[in-house]
Amino acid sequence: MATIASTEPNETSGRARSGGLRLPPRSLVAYLQATPLLLILGFFFILPILTIIVVSFWDYDFAGLYPDFLAMNYADTLGSWVTWKTYLNTLKFTAITWALTLVIGFWVAYFLAFHIRTTTMQMVLFLVCTVPFLTSNIIRMISWIPVLGRNGLVNSTLVQLGIIPQPIEWLLYSDFAVVLAMVHLNTLFMVTPIFNTLIRIDRSLIEAARDCGATGWQVLWNVILPLAKPGMAIGSIFVVTLVMADFSTVQVMSGGQSASVALMMKNQMSLLQYPAAAANAVVLLIVVLLMVAAILSVVDIRKEL
């Protein structure tokens with residue numbers, strides 16, 4: 001009886017604090033709080049993907065689209081050697097761009113994080129890196145044409161200095177130009193997450209390694225690089241997804257001499273072959289998700305998020 005009597009005031013006070021109303025379960029409150037985000041993701045992310053998947057099974061001709069359930073588009077996509085060659089070419093661009101942006105992005109972030117002493121100067125220099133993003137990707141990409149062209153700045157300078165007898169042809173409208181433009185456009189997406197990771201590293205860990213007799217390279221290899229892996233993984237995801245979906249850079253910088261999966265889809269849509277383009281988009285999405293899954297299987301980025 002004493003126990004029952006002692007619990008009654010607590011129950012009464014609980015009802016009083018809640019205004020005499022029974023509060024909904026915490027699980028229901030959590031679902032209600034997540035509903036706006038779920039609606040936004042459903043409308044702008046899940047619904048478009050489902051639409052692309054549905055359209056990829058439709059039939060089509062030069063006159064229009066016909067709702068159906070056919071595997072013809074996937075058979076044409078996966079059964080063509082042109083498609084496989086295009087995917088290999090896209091993966092080549094992705095691998096080279098990823099490797100170069102990783103190396104450049106890490107050293108830029110390392111310089112900002114460990115060689116710039118004041119936080120103010122770090123932020124100033126980081127903002128300087130973002131200045132090119134005030135213009136569009138197309139403008140920044142096209143700006144390479146007068147630099148790399150046959151009569152451009154690089155060739156004219158080298159010829160006038162007597163280093164080369166005639167202009168170099170492969171500087172522009174080649175795979176080299178495509179990779180150069182992609183590295184230029186995507187390096188900042190690698191710098192930002194790596195820099196964010198490096199500035200969080202506890203400097204006492206570096207001092208402890210130096211006190212134990214570690215050299216600069218040993219500190220870099222055994223302390224900084226392992227702690228920077230989450231930022232490198234996030235930057236890699238950014239770069240991989242952006243390069244795999246890029247078509248304008250390949251089209252402009254290769255002069256139409258190279259191809260990518262995104263450019264192939266763009267050409268299919270220009271010919272009103274939307275189901276074929278949708279099938280290519282689904283295959284490309286699966287490939288990109290597999291690449292992202294491979295990155296996440298190596299590095300756990302949850303500690304960074």
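Observations on the structure shown:
- Each Cα pair under 8 Å and six or more residues apart adds its sequence gap; the mean of these over the residue count of region 187-242 is a relative contact order of 61 percent.
- A simple spin-label model places pseudo-atoms 7 Å from Cα toward Cβ; at Phe45 and Leu296 they are separated by 1.1 nm.
- Under a model in which nothing but the beta-carbon of Lys, Arg (+1) and Asp, Glu (-1) is charged, region 182-305 shows a dipole of about 80 debye around its Cα centre.
- For region 81-298, a simple Cβ point-charge model (Lys and Arg +1, Asp and Glu -1, everything else neutral) yields a dipole of about 100 debye relative to the Cα centre.
- Listed by Cβ neighbour count within 10 Å, with the fewest neighbours leading, Val124, Val219 appear as Val124, Val219.
- Expected-Rg normalisation [2.2 N^0.38 Å, Cα atoms] applied to region 74-158: 1.63
- Taken over region 30-184, the ratio of Cα radius of gyration to 2.2 N^0.38 Å equals 1.59.
- Computed from the Cβ-Cβ distance with R0 of 45 Å, the FRET efficiency linking Leu32 to Asp76 stands at 0.45.
- Each of the trypsin sites (Lys or Arg not before Pro) that DSSP puts in a loop and that has at most 14 other Cβ atoms within 10 Å breaks the chain; the longest unbroken stretch is 201-301.
- Pairwise label distance in nanometres, Leu285 with Cys212, each label 7 Å out on the Cα-Cβ vector: 4.7 nm
- Full-extension gain in nm, Ser248 to Leu88, via 0.36 nm per residue minus C-alpha separation: 55.8 nm
- Rounded Å value of the spacing that divides the Cα centres of region 234-305 and region 62-122: 5 Å
- Highest to lowest packing among 95-101, 272-278, scored as the average C-beta count within 10 Å: 272-278, 95-101
- For the chain, relative contact order (Cα pairs under 8 Å, six or more residues apart, normalised by length) works out to 24 percent.
- For percent of Cα pairs over 36 Å apart, calculated from these coordinates, the label among (1) 26; (2) 42; (3) 31: (2)
- Expected 222 nm ellipticity per residue - DSSP helices of 4 or more, -39500 (n - 2.57), all of the chain, to 500: -21500 deg cm²/dmol
- Our summary gives region 190-305 a relative contact order of 28 percent, counting only alpha carbon pairs under 8 angstrom and 6 or more residues apart.
Read the figures in this text as sums done on the coordinates, not as results from a lab. Every value quoted in this text rests on a predicted model; they were computed, and no experiment measured them. A quick note on method: Cβ atoms are made from the backbone with ideal geometry, for glycine too, and the neighbour counts reach across all protein chains shown.
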